[in-house]
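**Student:** First the structure, then my questions, so here it is.
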Amino acid sequence: VIERLHGREVLDSRGNPTVEVDVYAKYLGRVVLAARSSAPSGASTGSNEARELRDGDKRYGGKGTQKAAHNVDTILSPALAGKGFCSLKELDEKIIEVDGTELKEKVGGNASTATSFALAESAAALGEKQLFEYLACQYYGGCDAKPKKFKLPTPFFNILNGGKHAGGKLKVQEFMVCPGVGIAFPDGLRIVAEVYQKLGGILTAKCGVSARNVGDEGGFAPNLDTPEQALSFIEEAIKAAGYTPGKECCIGMDAAASEFYHKDTKKYEIEEGVFKTGDEMITYWEELLKKHPAICSIEDGLDEKDYEHWVKLEARIGSKCQIVGDDLLTTNWRTIEKAIAGKWCNALLLKVNQIGTITEAFRAARLMLEKGYKVMVSHRSGETCNSVIADIAVAIGAQSIKTGSTARGERIQKYTRLLQIYEYLKEHDMLEC
Ligand code: PGA
Ligand code: ZN
């Protein structure tokens with residue numbers, strides 16, 4: 001039974017405040033700290049995301065989270081105290097009810113996300129269950145309904161950072177590398193880590209030592225001009241590590257195109273001073289796929305509200321490539337219903353803090369997966385060392401996960417958790433091959 005919750009202001013990996021929540025529970029006649037969890041925070045956020053509550057005063061340039069932390073103690077704690085842990089849906093619905101707004105404007109999406117995470121982690125800890133197993137019971141609506149075997153998601157590692165996550169001219173935000181089909185998780189992790197080190201060497205040799213400084217998600221942040229340059233360095237690194245692009249190693253991109261879309265002219269500034277219309281962007285992506293057939297996934301290739309061109313892009317290249325909606329969908333089931341009906345894309349980027357509770361994110365995932373679309377679970381560019389998203393990805397059977405490069409602790413923690421889950425699944429004959 002939940003005794004009380006406590007929120008506190010802590011820092012994220014970018015040095016900005018976020019919210020951490022402690023859950024105290026009555027367990028075997030004593031009050032124990034059952035779990036402690038925290039919310040991540042994005043930089044290239046979609047306009048329809050759950051609202052992070054920030055203090056807006058002098059502290060931390062207005063980014064303080066003392067109000068959000070206080071809301072955990074004064075609003076969420078009294079609403080949840082006395083409840084049992086068995087149904088996360090019931091607990092999350094209580095959060096939704098006391099907040100009363102679609103985008104968590106009252107308690108703050110940072111407070112609600114950290115609370116939802118901490119409640120799930122508490123339930124798993126007190127029930128002596130693996131977190132992914134507890135979450136699977138919740139996702140499938142009962143432990144009897146969950147699968148007997150689980151698979152690990154394909155990891156997409158963001159090894160070269162641009163856009164808002166780096167300080168250079170490169171407009172496309174993320175260049176990711178993923179292991180090819182059928183490669184076991186530990187081998188995939190090793191392959192990409194080898195490629196990452198080769199890329200660092202190549203960038204140093206060709207662009208100077210400062211090119212191997214890293215961006216927000218642990219990928220290198222060289223000051224390149226074009227996506228083409230980034231892709232050719234990455235392909236060179238894959239080969240230098242002894243692999244073949246498109247075989248052991250494929251490439252994914254997140255353009256985060258809303259960040260370089262000019263609303264007034266309706267043009268995309270894909271490179272500094274190079275402007276393209278929506279139709280020209282579609283041709284651009286199509287040509288890029290032809291030149292670089294190792295590309296298997298493109299996220300937010302267009303502005304979050306440019307629906308007309310999303311539909312055209314999906315029709316043109318959706319059969320060859322995963323077309324992922326991040327800012328487009330913001331993990332919001334209402335938007336996803338429209339996206340499915342309108343054929344906007346074929347995959348969802350799932351970020352719990354875009355909607356504010358695990359239960360609502362599950363609803364979004366279910367809509368996509370039941371219709372045969374794909375789900376990629378995602379970290380944020382501002383993270384903590386919490387690894388709940390690894391468990392979420394395994395629990396729901398997500399096809400992929402992206403959680404940064406093979407460097408920086410807050411990114412690695414998620415991959416480490418996946419290694420732990422992999423080992424557990426093997427030991428218990430629960431690994432689906
Ligand atoms: P964000 O970036 O966390 O800054 O939004 C991640 C993404 O765009 O996928
Ligand atoms: Zn994105």
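**Student:** For Cα pairs less than 8 Å apart in space and 6+ apart in sequence, what is the mean separation divided by the residue count of the range 132-196, i.e. the relative contact order in percent?
**Tutor:** It comes to 23 percent, rounded to a whole number.
**Student:** Could you tell me the ratio Rg/Rh of the range 241-299? Both radii from Cα atoms, Rh via Kirkwood.
**Tutor:** 1.08
**Student:** Right, something else. Going by Cα centres, the range 279-301 and the range 46-105 are how many Å apart?
**Tutor:** Centre-to-centre distance over Cα atoms comes out at 39 Å.
**Student:** Mind checking which of 357, 289, 207 is farthest towards the positive end of the chain's charge dipole, using Cβ charges of +1 (Lys, Arg) and -1 (Asp, Glu) about the Cα centre?
**Tutor:** Value: 357.
**Student:** Between residue 6 and residue 148, how high is the FRET efficiency from 1/(1 + (r/R0)^6) when r is the Cβ-Cβ distance and R₀ = 35 Å? Nearest 0.05.
**Tutor:** Calculated value: 0.40.
**Student:** Something else now. So what are the ³J(HN,Hα) numbers for the range 40-46, from phi and the Karplus equation (6.51, -1.76, 1.60; θ = phi - 60°), rounded to whole Hz, Gly and Pro as x?
**Tutor:** Per residue, the Karplus-derived 3J(HN,Hα) values read x, 8, x, 10, 9, 7, x Hz.
**Student:** Find, among the chymotrypsin sites (Phe, Trp or Tyr not before Pro) in the range 344-433, those assigned to loop by DSSP (not H, G, I, E, B) with at most 12 other beta-carbon atoms within 10 angstrom.
**Tutor:** Of the chymotrypsin sites (Phe, Trp or Tyr not before Pro), not one in the loops of the range 344-433 has a Cβ with at most 12 other Cβ atoms within 10 Å.
**Student:** State the extension gain, in nm to one decimal, for the chain segment bounded by residue 287 and residue 223, taking 0.36 nm per residue of separation less the distance between their alpha-carbons.
**Tutor:** In short, 20.7 nm is gained.
**Student:** Sort the range 168-320 into rounded, prolate or oblate with this rule: let a ≥ b ≥ c be the square roots of the eigenvalues of the Cα gyration tensor; rounded if a/c is under 1.5, and if a/c is not under 1.5, prolate when a/b is larger than b/c, oblate otherwise.
**Tutor:** Since a/c reaches 1.5 but b/c is at least a/b, the shape of the range 168-320 is classed as oblate.
**Student:** Note down the net charge around residue 156, summing +1 for each Lys or Arg and -1 for each Asp or Glu among other residues with Cβ under 13 Å from its Cβ.
**Tutor:** -1
**Student:** Something else: Order 253, 430, most accessible first, counting only protein heavy atoms with a 1.4 angstrom probe.
**Tutor:** 430, 253
**Student:** Students often forget the sequence filter, so: which lysines lie under 18 Å Cα-Cα from residue 89 once same-chain residues fewer than 8 apart are removed?
**Tutor:** Qualifying lysines at Cα under 18 Å: 104, 129, 146, 351.
**Student:** For the pairs 164/371; 171/371; 276/312, note any where the Cα-Cα span goes beyond 21 Å.
**Tutor:** Correct reply: 164/371; 171/371.
**Student:** Test of understanding: in a Gaussian network model of the chain with alpha carbons linked when under 10 Å, which of 200, 15, 61 would top the mean-square fluctuation ranking?
**Tutor:** Residue with maximal mean-square fluctuation among 200, 15, 61: 61.
**Student:** Can you give me the accessible area per residue for the chain, using a 1.4 Å probe, in Å²?
**Tutor:** That works out to 39 Å² per residue.
**Student:** Right, next: Give me the net charge for the shell around residue 402: Cβ to Cβ below 15 angstrom, other residues only, Lys and Arg +1, Asp and Glu -1.
**Tutor:** -3
**Student:** From the Cα gyration tensor of the range 12-71, with a ≥ b ≥ c the square roots of its eigenvalues, which class applies: rounded if a/c is under 1.5, or else prolate if a/b is larger than b/c, or else oblate?
**Tutor:** Because a/c hits 1.5 or more and a/b exceeds b/c, the range 12-71 counts as prolate.
**Student:** In a GNM of the chain with a 10 Å cut-off on Cα contacts, which of 416, 330, 384 has the highest mean-square fluctuation?
**Tutor:** Highest fluctuation of the listed residues: 416.
The values are calculated or read from the model by the stated rules, or taken from the named source; none is laboratory data. Here the structure is a predicted model, which is why all the values come from computation and not from measurement. Neighbour counts are summed over all protein chains in view; Cβ atoms, including those assigned to glycine, are modelled from backbone coordinates with ideal geometry. Please note that ligands, DNA and RNA were not included when accessible areas were found on the heavy atoms of the full protein model with its side chains. Shrake-Rupley method; radii C 1.70, N 1.55, O 1.52, S 1.80 Å.
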